[in-house]
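*Asks:* Let me give you the structure first, and then I'll get to my questions.
The values are calculated or read from the model by the stated rules, or taken from the named source; none is laboratory data. This one's a predicted model, so the numbers in the text were calculated from it and none came from an experiment. Neighbour counts run over all protein chains shown; Cβ positions are idealised from the backbone, glycine included. Remember, those area values only see protein heavy atoms, side chains included, never the ligands or the DNA or RNA. Shrake-Rupley method; radii C 1.70, N 1.55, O 1.52, S 1.80 Å.
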Amino acid sequence: MPNPKRRHSQQRSAKRRTHYVAQEVTLSKDTTTGELHTRHRAHVSEGKLFYKGKLVSEKAPLKA
């Protein structure tokens, strides 16, 4: 496997890492329950599991 002949400078690594930024979580309002939740994630409301406004499971999964 090929290896680099010379090491990369610290500045070169820092330039690459300038775009590593934490982004805000996008929240959506559920059409069925009216609760705010993280987009593209199933969420629990009143002991039931919902996804995209539809009931997925009557019992919410247990948290480990």
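*Asks:* Tell me which residues, restricted to the stretch 36-51, are of a type in the set (D, E, K, R) and under 23 Å from residue 23 (Cα atoms).
*Replies:* Scanning the stretch 36-51 gives 39, 41.
*Asks:* Let me ask something additional. What are the residues in the stretch 14-64 that are of a type in the set (A, V, I, L, M, F, W, C) and in a loop (DSSP other than H, G, I, E, B), if any?
*Replies:* Hits for the stretch 14-64 are 21, 22, 25, 42, 60, 62, 64.
Residue-wise test of (1) at pLDDT below 90; (2) surrounded by 10 or more Cβ atoms within 10 Å (Cβ to Cβ).
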position: 11; (1), (2): no, no
position: 23; (1), (2): yes, no
position: 27; (1), (2): no, yes
position: 36; (1), (2): no, yes
position: 39; (1), (2): no, no
position: 46; (1), (2): yes, no
position: 62; (1), (2): yes, no
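*Asks:* Test of understanding: among 18, 31, which residue is open to solvent by less than 100 Å² (accessible area, probe 1.4 Å) and either in contact (Cβ under 8 Å) with a residue 40 or more places away in the chain or hydroxyl-bearing (Ser, Thr, Tyr) (or both)?
*Replies:* Step by step, each of 18, 31 is checked, and only 18 is open to solvent by less than 100 Å² (accessible area, probe 1.4 Å) and either in contact (Cβ under 8 Å) with a residue 40 or more places away in the chain or hydroxyl-bearing (Ser, Thr, Tyr) (or both).
*Asks:* Restricting the stretch 44-61 to residues that are of a type in the set (A, V, I, L, M, F, W, C) and under 20 Å from the mean Cα position of the chain (by Cα), which is farthest from residue 34 (Cα to Cα)?
*Replies:* Looking at the filtered set, the residue picked out is 60.
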